[in-house]
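For reference, the structure is listed below as C-alpha cells.
The values are calculated or read from the model by the stated rules, or taken from the named source; none is laboratory data. Keep in mind that this is a model prediction, so the values were computed, not measured. With ideal geometry, Cβ positions are generated from the backbone for all residues, glycine too; neighbour counts draw on all protein chains shown. Heads up: the accessible areas ignore ligands, DNA and RNA and are worked out on the full protein's heavy atoms, side chains in. Shrake-Rupley method; radii C 1.70, N 1.55, O 1.52, S 1.80 Å.
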Amino acid sequence: EGRRLNDIAKWKKIIVLLAGVFMNFMLAWLIFSLTLLHTGAYADSPKAMVGSVMENSPAEAAGFEAGDVIVRITKEDGNSVEPETYLDMQVFLADNEGGQLNYSIMRNGELLELTVTPEYMQEYESYLIGITGPKAEVHNVNLLNCWLYGLKEIRYLSRILITTLLALFRGYGLDQLSGPVGIYNATGQAASMGIASFLLLIGELSLNVGIFNLLPLPVLDGGQVVITVAEGIAGR
C-alpha cells in the first residue's frame, strides 16, 4: 500500500514511465560514442547544396549548377522534405525508383523550381539525378570528444526518425514498413558487415524504440505521461 504506481506523486510516476525511454537513449549514446571512438573519425554531413553536376546527367539537363542550395524536394506522391544536410537528401531519396522530382533551389538570392527525373546508374546501382555534395568536414575522435559526436549522431538520427514517423502518419512510406522478419534480415546483413555495423544497428533500434515510445498514444509510455499530466491537472 502506498508504493503502487498510482499511489506515488505524479512527478515520480512520470520519472518511472520515462525510465525505459531514458535507457534506450543512453544505450544508443554509449554505442554510437564507442563505435566512433573505434573508427577514430566523424564526418559532418555538408549542407544541402550542389557541389558539382555530372556531365550528360538528368541534373545537367534540368539546369542544376554548382553552388545551388536545395531548399525543398518534392516527390510525385506529394511527400516533401526541407533538407538541412546533404545526407537528409540522400535518406529522403533512398526509396525513389525513377519518379519525377521537383527541386526548389536558391541561386544568387533567387528561388527557382527545377523538375528532374532520376536515371538508373549501373555504377551506383540506384536511381540518381547526377549531382554531388560539397566535401564533408572530418573530425578526429578521441576518448574525450567521442561523447559529443555520439550526441550529434543521436540528434541527427532522431531528426530522421521523427521525419519518417510524421510521413507515415500522413500516409507516405507505408510500403517501407517492416516487422520482426525484416528486423531479423537487417540484423543478419549488419552482422555480416562486422561488429561495428552490428552495434550501430542495435543503437539505431534502441533509439527508434525510445522515440516511438514517446508518442502520445495510450498504449505507449508517452501516452501514459500525457494521461498522468491530465490527471494531475484534473486532480483525480
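Quick look at the values:
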{"item": "Cα Rg, Dmax (largest Cα-Cα span) when computed across the range 126-236, Å", "result": "18.7, 60"}
{"item": "Relative packing of 42-54, 117-129, 216-228, which averages over residues the other C-beta atoms within 10 Å, highest first", "result": "42-54, 216-228, 117-129"}
{"item": "Cβ-Cβ FRET estimate between Val229 and Ile183, R0 fixed at 35 Å, reported to 0.05", "result": "0.60"}
{"item": "Burial order of peptide ranges 77-83, 204-210 (average beta-carbon count within 10 Å, highest first)", "result": "204-210, 77-83"}
{"item": "Of all accessible heavy-atom area on the range 1-125, the percent that carbon and sulfur account for (1.4 Å)", "result": "53"}
{"item": "Largest-first ordering by accessible area, 1.4 Å probe, given options Lys135, Lys152", "result": "Lys135, Lys152"}
{"item": "Per-pair calculated FRET efficiency, R0 = 22 Å: Ile160 and Thr115 via Cβ, rounded to 0.05", "result": "0.30"}
{"item": "Inverse mean reciprocal Cα-Cα distance (Kirkwood Rh) of the chain, Å", "result": "20.6"}
{"item": "Whole-number accessible area per residue in Å² for the range 1-131, which is evaluated in the context of all protein chains at 1.4 Å", "result": "59"}
{"item": "Mean residue ellipticity (222 nm) of the chain, computed from DSSP H runs ≥ 4 via -39,500 (n - 2.57), nearest 500", "result": "-15500 deg cm²/dmol"}
{"item": "Shape of the range 85-191, Cα gyration tensor, a/c cut at 1.5", "result": "oblate"}
